[in-house]
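Colleague: Before I ask anything, let me first share the structure, which is written out below as structure tokens.
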Amino acid sequence: MAALTNIISKNLTVKPVQALLLFLLLVILLIIPMISGMTTITLFSRIFILAIFGMSYDILRGFTGIINLGHALFFGGATYIAGILFNRVGPTLDVLLLAIITAFVLSAIIAYIMGQFAFRGTGFSGVIACAMITLAFGEIVRHTAETLRDYTQGADGLTFRIPEMFQDRFMMYYYALIFLIVMTIVLRQFVRSPTGRVLQAIRDNEQRARFLGYDTKKYKLIALVVAGMASASAGIMFALLTRFANTELLTVQSTLNALLYTIVGGTGTLYGAIIGTGFVQIAQNSLLELRGIHEIFSRWLIFFGAIYVLVVLYMPKGIIGAFYQLHASWQKRKKHG
Amino acid sequence: MSETLIETKNLTINFGGLKAVNKVSISIHKGLFTTIIGPNGAGKTTLFNLISGLLQPTEGTVIFKGTDITRLSPMQRVAMGIGRSFQLTNVFPTLTVHENIRLALQAKNRTGYRIFTSYKRFRSLEEAATKLLEDVLLHDRGNFLAGSLNHGEQRKLELAMVLALKPDVLLLDEPTAGMALEEVPTMLELLEKTKKEQDNTILLIEHKMDLVTKLSDTVIVLVNGSVLTRGTAAEVSEDPEVLKAYLGGGILNETTA
Ligand SMILES: Nc1ncnc2c1ncn2[C@@H]1O[C@H](COP(=O)(O)OP(=O)(O)O)[C@@H](O)[C@H]1O
Ligand SMILES: [Mg+2]
């Protein structure tokens, strides 16, 4: 605990204005469940948890320049691990701990093996090979989940009971919020560490990083292991929130959702993933409500594509980037005017 | 004669029939400033790529400090003390100029694979980066993104990044290439300073003959992948074979002012 406070006080360098805004935001987030209905509470809990998934993807694509098309395997895999263990052993806190440990160990091992294959090449062909190999890993896990019907119920999806402590939606909101805050601090520390800075150098120019003496493959492995474990932690929380797992969590579409969160919010910013997740989830939810009006609103993929294209065309740096741009032009005007 | 730092033996690389570097056997002596000249396409950059490990030779060996490094990775060679810059500018464009240099220093000073300590904890690296920025006259550019610098400034940044590695030998591939003419004397000064201040071994690829004359202890002439001759700048620029090789190229007449 002392170590944690130490980290927070010494390294959480935020300006007073930022600190005030963060504090206000925190107050609002603490109040929300008290003044809103179950749907909103669950939607926000979902956003908090998926935002970690988005941030973990940002570590890879935004900070390191790795395209991982199988990233959902860590997230969905952890949801399944929790679900299967709750079903087989029982919905207790001990089992939750077991699920967390299992998910962390497995995702670290799989990330390591995946990286050994995916990070062999360099340059453009290396990027393509990485995308293909990670895609294959993701598909293998999805296929396995579909095949092991005894454990996963296959395409029907797996419902399970969870420890009593997490059954209350109201409290779950606060757990999810705390989880988001803790993981944001952890991942922020990571990208600000000497290792995190090297990841950004690799993203910019891997060859140059190698010629400075960095073992870039090792750094990419670290990024993948950290991102995989962060993603798995989100998967466990997701299990506690939804009490349900299906193979959709393991699809490429699931990975692409994470990609969309980071692109909408702003890649390589970490916080962008949180904003992007909020934006996309709320948009997706609103569309679901319009389903009654016309059948087209249930076609998420169409809107996925539309949002993607619009953001890439008009806000290439996402919401955070657009905000900074506005801020900069406002400062300029203040100076001149 | 001083100690040999780098030695190549019969170094050859074949690009689908084209022997870009062909049986090159040279030795680079410690503490000396050696310049490689030769017409475009002579194989100078390829030779650097072979020495620094970007390419593997078809034949021959590279020896550094008495060790055969032919099969080592670029990274291992950097660790042994070979630092290089690139003919085409090669920096981290979306990071600040200061951060570019700090990362080079971090590589040299091995902060390890720390993942939860802030990089700001390593104050000495930050200060050393600021100092290097001053050395290459980029002190007012520290907070700019490297990609936003003009070409000449980027070349200076590259030099600073190589210097940060404190290598035993610096391989500099045309540090003045593409620079505006009025910027070249600054680069010359920087190179002279590097040569003097640190007892560095420098291997330079350069076209501008007045620069070569001012800087070099010895000049190697590469033509069609092979060494044509070696000598002082004065010797090689009067060599009829060299003049013949450059005929039409006019490179020996190229000057900086
Ligand atoms: N990776 C490569 N693949 C194929 N050909 C190459 C490659 N690199 C260089 N070459 C060829 O090798 C020759 C020497 O190139 P280079 O070493 O860049 O010359 P220099 O630096 O002396 O101008 C050129 O004909 C060039 O086209
Ligand atoms: Mg060249």
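Colleague: Among the residues of the range B:28-45, how many are exposed (fewer than 15 other Cβ atoms within 10 Å of the Cβ) and among the small types (Gly, Ala, Ser)? Give the derivation first.
Modeller: Initially, the range B:28-45 is screened for residues exposed (fewer than 15 other Cβ atoms within 10 Å of the Cβ), giving B:31, B:40-41.
Adding the requirement that they be among the small types (Gly, Ala, Ser) leaves B:31, B:41.
The number of residues fulfilling the criteria is 2.
Colleague: Now a separate question. Which residues, counting only those in the range B:61-79, are free of Cβ contacts under 8 Å to residues at least 24 places away in the same chain and either more than 16 Å from ligand 1 (Cβ to nearest atom) or not assigned by TED's automatic domain parsing to the domain that holds B:Ile51 (or both)? Give the steps one after another, and end with the answer.
Modeller: Taking the range B:61-79 first, the residues free of Cβ contacts under 8 Å to residues at least 24 places away in the same chain are B:66-76, B:79.
Answer for the range B:61-79, where residues must be free of Cβ contacts under 8 Å to residues at least 24 places away in the same chain and either more than 16 Å from ligand 1 (Cβ to nearest atom) or not assigned by TED's automatic domain parsing to the domain that holds B:Ile51 (or both): B:Gly66, B:Thr67, B:Asp68, B:Ile69, B:Thr70, B:Arg71, B:Leu72, B:Ser73, B:Met75, B:Gln76, B:Ala79.
Colleague: Yes or no: A:Gln153 without any contact (Cβ under 8 Å) to a residue 12 or more places away in the chain, surrounded by fewer than 16 Cβ atoms within 10 Å (Cβ to Cβ), more than 10 Å from chain B (Cβ to nearest Cβ) and farther than 19 Å from A:Leu50 by Cβ? Let's see the steps before the verdict.
Modeller: Numbers: without any contact (Cβ under 8 Å) to a residue 12 or more places away in the chain: yes; surrounded by fewer than 16 Cβ atoms within 10 Å (Cβ to Cβ): no; more than 10 Å from chain B (Cβ to nearest Cβ): yes; farther than 19 Å from A:Leu50 by Cβ: yes.
It is false that A:Gln153 is without any contact (Cβ under 8 Å) to a residue 12 or more places away in the chain, surrounded by fewer than 16 Cβ atoms within 10 Å (Cβ to Cβ), more than 10 Å from chain B (Cβ to nearest Cβ) and farther than 19 Å from A:Leu50 by Cβ.
Colleague: Ok, one more. Is at least one residue of the range B:51-64 facing chain A (nearest Cβ under 10 Å) and either surrounded by fewer than 19 Cβ atoms within 10 Å (Cβ to Cβ) or more than 14 Å from ligand 2 (Cβ to nearest atom) (or both)? Full working, then the answer.
Modeller: Our first condition is that a residue be facing chain A (nearest Cβ under 10 Å); within the range B:51-64, this holds for B:52-54.
Of the ones still in play, those that are also either surrounded by fewer than 19 Cβ atoms within 10 Å (Cβ to Cβ) or more than 14 Å from ligand 2 (Cβ to nearest atom) (or both) are B:53-54.
Yes; the residues of the range B:51-64 include at least one that is facing chain A (nearest Cβ under 10 Å) and either surrounded by fewer than 19 Cβ atoms within 10 Å (Cβ to Cβ) or more than 14 Å from ligand 2 (Cβ to nearest atom) (or both).
Colleague: When only residues in the range B:65-111 that are under 30 Å from B:Val24 (Cβ atoms) and among the β-branched types (Val, Ile, Thr) count, which is nearest to ligand 2 (Cβ to nearest atom)? Even if it seems obvious, please write down each step before you answer.
Modeller: Residues of the range B:65-111 under 30 Å from B:Val24 (Cβ atoms): B:65-91, B:104, B:107-108.
Checking the rest, the ones that are also among the β-branched types (Val, Ile, Thr) come to B:67, B:69-70, B:78, B:82, B:89, B:91.
Details: B:Thr67: 27, B:Ile69: 22, B:Thr70: 21, B:Val78: 20, B:Ile82: 18, B:Thr89: 13, B:Val91: 18 Å.
Only one residue tops the list, namely B:Thr89.
A quick yes/no check of all residues on (1) at pLDDT below 90; (2) under 28 Å from A:Arg192 (Cα atoms):
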position: A:Asn6; (1), (2): yes, yes
position: A:Leu20; (1), (2): yes, yes
position: A:Val27; (1), (2): no, yes
position: A:Pro33; (1), (2): no, no
position: A:Ile41; (1), (2): no, no
position: A:Ile49; (1), (2): no, yes
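Colleague: Check off (1) more than 8 Å from every other protein chain (Cβ to nearest Cβ); (2) farther than 30 Å from A:Phe44 by Cα for A:Thr247 and give me the number that stays unchecked.
Modeller: (2)
Colleague: Now for a different question. Looking at this structure, is B:Thr111 at the interface with chain A (Cβ under 8 Å from one of its Cβ atoms) and not in a strand (DSSP E or B)? Steps first, answer last, please.
Modeller: Details: at the interface with chain A (Cβ under 8 Å from one of its Cβ atoms): yes; not in a strand (DSSP E or B): yes.
Considered against the rule, which asks whether it is at the interface with chain A (Cβ under 8 Å from one of its Cβ atoms) and not in a strand (DSSP E or B), B:Thr111 comes out as yes.
Colleague: Could you list, in sequence order, the residues of the range B:168-186 that are within 16 Å of ligand 2 (Cβ to nearest atom) and more than 18 Å from B:Phe33 (Cα to Cα)?
Modeller: Selection gives B:Ala177, B:Gly178, B:Met179.
Colleague: Looking at (1) within 13 Å of another protein chain (Cβ to nearest Cβ); (2) surrounded by fewer than 15 Cβ atoms within 10 Å (Cβ to Cβ), which is the one condition that is false for B:Arg71?
Modeller: In the conditions (1) within 13 Å of another protein chain (Cβ to nearest Cβ); (2) surrounded by fewer than 15 Cβ atoms within 10 Å (Cβ to Cβ), B:Arg71 misses (1) alone.
The values are calculated or read from the model by the stated rules, or taken from the named source; none is laboratory data. Just so we're clear, the structure is a prediction, and the values are computed from it rather than from any experiment. So basically every Cβ, Gly included, is an ideal-geometry build from the backbone, and we count neighbours across all protein chains shown.
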